[in-house]
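Undergrad: Have a look at this one before I ask anything.
Values in this text are rule-based calculations from the coordinates and carry no lab data. Bear in mind that the values here come from a model prediction, so they are computed numbers and not experimental data. Here the Cβ positions follow ideal geometry from the backbone for every residue, glycine too, while neighbour counts run over all protein chains shown.
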């Protein structure tokens with residue numbers, strides 16, 4: 001099993017490219033099920049989750065072709081075509097590995113009139129039920145049954161008749177599934193209190209490019225007028241705002257200066273504002289965002305919440321950064337109830353963190369010390385990488401397969417800007 005070794009204490013400086021967004025890519029890929037014409041996705045990140053989703057789509061009858069690209073290039077171009085859906089079942093052995101697999105439910109239901117999807121897996125960061133996915137589809141006219149660990153959904157002859165659904169709480173995945181199910185409905189579907197994340201805007205923009213009729217993109221009220229069919233399209237995946245935020249924290253915790261090439265400041269205002277509050281300089285560049293820090297970080301208080309507020313996917317990275325702030329910071333996690341599993345690992349490196357329920361108090365220390373640590377989920381993995389970059393001595397991060405799910409060739413990008421980091425394989 002691979003692990004990452006980091007010899008800390010190096011200041012990061014230079015230009016670091018930001019890849020296509022993992023969370024957007026996993027939403028755009030299933031759109032190929034909605035048409036029999038080719039869908040070409042550019043700037044698709046090279047990630048384990050993207051590969052897993054591609055394998056799932058292959059099992060459903062989608063052909064995938066990757067354009068030839070140099071191994072040193074980041075991102076790739078993939079053309080997907082579902083000329084005929086050969087299966088409407090997403091099996092347990094694939095879905096259990098990745099929660100995003102549930103996103104084939106809406107497109108299969110829309111295109112084939114039925115879908116059978118295993119209940120999902122993914123990171124063990126807390127209870128993430130799919131009840132809102134199912135309730136939204138039921139509101140649009142689907143018949144839902146859960147049996148033997150599978151969701152079985154069917155639509156009336158002629159497609160989903162449409163309807164209105166109000167989310168009791170904001171749900172990104174449920175909003176995405178509902179939108180994809182609605183674009184081929186026989187009537188109009190309306191979503192109230194819909195999630196507004198940039199990745200949902202990216203999804204809607206692709207669907208519109210494929211011929212969908214969607215109103216209210218970027219708002220919490222989305223109206224979808226169903227179409228008889230969609231056509232193919234070519235589309236570029238948005239830059240990954242979480243990857244950009246993570247590397248911004250890397251610059252901050254090492255007292256460095258990075259230009260995040262391709263990053264879009266408009267998608268990450270809450271992240272950038274929080275960085276400014278810690279004393280980090282944030283400015284625009286011709287090709288992205290510049291992050292500069294003298295290493296003296298101020299503490300802050302922040303709470304995670306749905307977009308446009310501070311994202312839960314950045315909580316662990318900010319916690320690592322704030323372990324070296326001058327004072328006590330207070331972090332409150334409102335999205336997932338079990339997203340502090342990185343705390344004991346950071347403590348092994350000398351961090352002073354106390355957790356009470358959903359609130360963590362991070363008391364800044366003078367220094368962190370390298371240690372062997374174990375990753376527990378995707379974003380927790382990155383928090384340990386960040387701590388290792390700033391720590392004295394050597395840090396060994398184990399179970400890095402989590403990182404490969406969401407950060408494209410991380411050690412290559414960090415090495416290029418001055419980090420002493422390498423991947424080591426037991427094999």
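Undergrad: Take the chain, compute every pairwise Cα distance, and split them into 10 Å bins from 0; I just need the percent in each bin.
TA: 5, 22, 31, 24, 14, 4, 0
Undergrad: I would also like to ask the following. Using a Gaussian network model of the chain with C-alpha springs under 10 Å, which one of 213, 93, 36 is most mobile by mean-square fluctuation?
TA: Fluctuation is largest for 93.
Undergrad: Per the helix-only calculation at 222 nm, which mean residue ellipticity applies to the chain, given -39500 (n - 2.57) for every DSSP H run of n ≥ 4 and division by its residues, nearest 500 deg cm²/dmol? If you can, show how the numbers build up before the last one.
TA: On the way: 14 runs with 124 residues, N = 427.
Helices in the chain give a 222 nm mean residue ellipticity of -8000 deg cm²/dmol.
Undergrad: On a 0 to 90° scale, report how tilted helix 172-182 is relative to the longest principal axis of the chain, with both axes built from alpha carbons and the result rounded to the nearest 10.
TA: 20 degrees
Undergrad: Quick one: of the DSSP bridges fully inside the stretch 22-236, what percent are antiparallel, nearest 5? It would help to have the intermediate numbers written out before the result.
TA: On the way: 26 of 36 bridges.
Once the DSSP bridges in the stretch 22-236 are tallied, antiparallel ones form about 70 percent.
Undergrad: Taking 0.36 nm per intervening residue step and subtracting the Cα-Cα distance, what contour gain separates residue 87 from residue 131 on full extension?
TA: Details: separation 44, 0.36 × 44 = 15.84 nm, distance 2.37 nm.
Value of the extension gain: 13.5 nm.
Undergrad: Something else now. Once the stretch 224-359 is represented by equal point scatterers at the alpha-carbon sites, with solvent omitted, what log10 I(q)/I(0) does the Debye formula produce at q = 0.10, 0.14, 0.16, 0.22 Å⁻¹?
TA: -0.38, -0.66, -0.82, -1.38
Undergrad: Also, quick follow-up: Relative contact order, percent, of the stretch 22-236 when contacts are C-alpha pairs under 8 Å separated by at least 6 residues? Numbers along the way, then the final one.
TA: Values: 490 pairs, mean separation 44.5, N = 215.
Rounded, it is 21 percent for the stretch 22-236.
Undergrad: Ok, one more. Taking the chain as the reference, fit the longest principal axis to its C-alpha atoms, fit the long axis of helix 198-209 to the helix C-alpha atoms, and give the angle between the two in degrees, 0 to 90, nearest 10.
TA: 40 degrees
Undergrad: When you have a sec, figure out the Kirkwood radius of the stretch 299-404 from all distinct Cα pair distances and drop it here in Å to one decimal? Walk me through the intermediate numbers first.
TA: On the way: mean 1/r = 0.0740 Å⁻¹.
This gives a value of 13.5 Å.
Undergrad: I've got another one for you. So for the chain: antiparallel DSSP bridges make up what percent, rounded to the nearest 5? Provide the component values of the computation, followed by the final result.
TA: On the way: 57 of 80 bridges.
Counting DSSP beta bridges with both partners in the chain, the antiparallel share is about 70 percent.
Undergrad: A follow-up question, please. With a cut-off of 8 Å between alpha carbons and a minimum separation of six or more residues, what is the relative contact order of the chain in percent? Intermediate values should be presented prior to the final figure.
TA: Details: 1077 pairs, mean separation 90.4, N = 427.
Result for the chain is 21 percent.
Undergrad: Give me the Kirkwood hydrodynamic radius of the stretch 228-293, using the inverse of the mean 1/r over all pairs of distinct Cα atoms, in Å to one decimal.
TA: Details: mean 1/r = 0.0786 Å⁻¹.
Hydrodynamic radius (Kirkwood, Cα pairs) of the stretch 228-293 is 12.7 Å.
Undergrad: Let me ask something additional. With only alpha-carbon atoms in the gyration tensor, what are the semi-axes of the equivalent ellipsoid for the stretch 300-350, in Å, largest first? The partial results should precede the final answer.
TA: Working: eigenvalues 73, 37, 13 Å².
Equivalent ellipsoid semi-axes, largest first: 19, 14, 8 Å.
Undergrad: Sorted from fewest to most neighbouring beta carbons within 10 Å, what does the list 132, 324, 34 look like? Intermediate results must be reported in sequence, preceding the final value.
TA: Numbers: 132 19, 324 24, 34 27.
So the residues, fewest neighbours to most, are 132, 324, 34.
Undergrad: Hey, if you drop one equal point scatterer on each alpha-carbon of the stretch 22-236 and run the Debye formula without solvent, what base-10 log of I(q)/I(0) do you get at q = 0.08, 0.16 Å⁻¹?
TA: -0.24, -1.02
Undergrad: Please build a GNM for the chain, connecting alpha carbons under 10 Å apart, and tell me which residue among 411, 345, 366 fluctuates the most.
TA: 366
Undergrad: Can you put 227, 296 in order of Cβ neighbours within 10 angstrom, beginning with the fewest? Please list the in-between numbers first.
TA: Working: 227 18, 296 12.
Fewest-to-most Cβ neighbours within 10 Å comes out as 296, 227.
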